[in-house]
1. For the stretch 57-102, which positions are at pLDDT below 95 and either buried (at least 19 other Cβ atoms within 10 Å of the Cβ) or closer than 13 Å to Met44 by Cα (or both)?
2. Can you name every residue in the stretch 80-138 that is of a type in the set (S, T, N, Q) and within 21 Å of Leu65 (Cβ to Cβ)?
3. When Leu105 is evaluated against the numbered criteria (1) surrounded by 16 or more Cβ atoms within 10 Å (Cβ to Cβ); (2) in contact with an Asp or Glu (Cβ under 8 Å, 6 or more places away or on another chain), which criterion, by number, is the only one it fails?
4. Identify, by number, the condition in (1) surrounded by 14 or more Cβ atoms within 10 Å (Cβ to Cβ); (2) of a type outside the set (Gly, Ala, Ser); (3) at pLDDT 95 or above that Leu134 doesn't meet.
5. So Val45 fits all but one of (1) under 23 Å from Glu143 (Cβ atoms); (2) out of contact with any Asp or Glu (no Cβ under 9 Å at 6 or more places or on another chain); what number is the exception?
6. Consider only pairs whose beta carbons are under 9 Å apart and that are at least six residues apart or on different chains; among these, list those whose first residue lies in the stretch 90-111 and is among the charged types (D, E, K, R) and whose second residue is surrounded by fewer than 15 Cβ atoms within 10 Å (Cβ to Cβ).
7. Mind counting the residues in the stretch 29-47 that are more than 11 Å from the chain's Cα centre (by Cα), modelled with pLDDT of 95 or more and surrounded by fewer than 14 Cβ atoms within 10 Å (Cβ to Cβ)?
8. Out of the stretch 1-27, which residues are within 21 Å of Ser61 (Cβ to Cβ) and loosely packed, with under 13 Cβ neighbours inside 10 Å?
Amino acid sequence: MMLERMKALARQEDLCVLATASENHPHCSLMAYVADDNCREIYMVTYEDTNKYRNVMKNPSVSLLIDTREEHAGSRRPEAKAMTVTGIAQVIDNEEKKAQVREKLLKRHPHLKEFAESSDAAFLCVKVSSFLLLDGLTESHFEEV
């Protein structure tokens, strides 16, 4: 039941912070994303000439932060949820899958059209391994996928 709540949060939101690392240098990027129906994969697009892309190529272990802070401003801030998603990122090379992911991303994020259709665009797939949900200030739940 908790895993389903976590997946629902991943499907409900559409922005995350992607954390990558190269050696001892962490790097965070605000990213538009879309999850597959089972939340086993999360898709994003980036340019090849970026730190995040280079980091993923060297170290595919990544972390995503998905949160509800925008929905819980002001006095409702203690109700905000923050979920850390861990997984392995890989570049999607298969043209058919790339086209499916592009379509799914653009359906949710039509403003990314020019970006997603650029010849320098690289589509990333994060294969989810776990979720850690912080629900408010004190309640936490961990689920491996």
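1. Across the stretch 57-102, the qualifying residue is only Lys81.
2. Taking the stretch 80-138 first, the residues of a type in the set (S, T, N, Q) are 84, 86, 90, 94, 100, 118-119, 129-130, 138.
Selection gives Thr84, Thr86, Gln90, Ser129, Ser130, Thr138.
3. Of (1) surrounded by 16 or more Cβ atoms within 10 Å (Cβ to Cβ); (2) in contact with an Asp or Glu (Cβ under 8 Å, 6 or more places away or on another chain), only one is false for Leu105: (2).
4. In the conditions (1) surrounded by 14 or more Cβ atoms within 10 Å (Cβ to Cβ); (2) of a type outside the set (Gly, Ala, Ser); (3) at pLDDT 95 or above, Leu134 misses (3) alone.
5. Just one mismatch for Val45, condition (1).
6. Listed by first residue and then by second, the contacts come to Arg102/Glu117.
7. Within the stretch 29-47, residues that are more than 11 Å from the chain's Cα centre (by Cα), modelled with pLDDT of 95 or more and surrounded by fewer than 14 Cβ atoms within 10 Å (Cβ to Cβ) number 1.
8. Glu23, Asn24, His25, Pro26
The values are calculated or read from the model by the stated rules, or taken from the named source; none is laboratory data. Computed from a predicted model, the values in this text were never measured in an experiment. Glycine also receives a Cβ, built like all others from the backbone with ideal geometry; neighbour counts cover every protein chain displayed.
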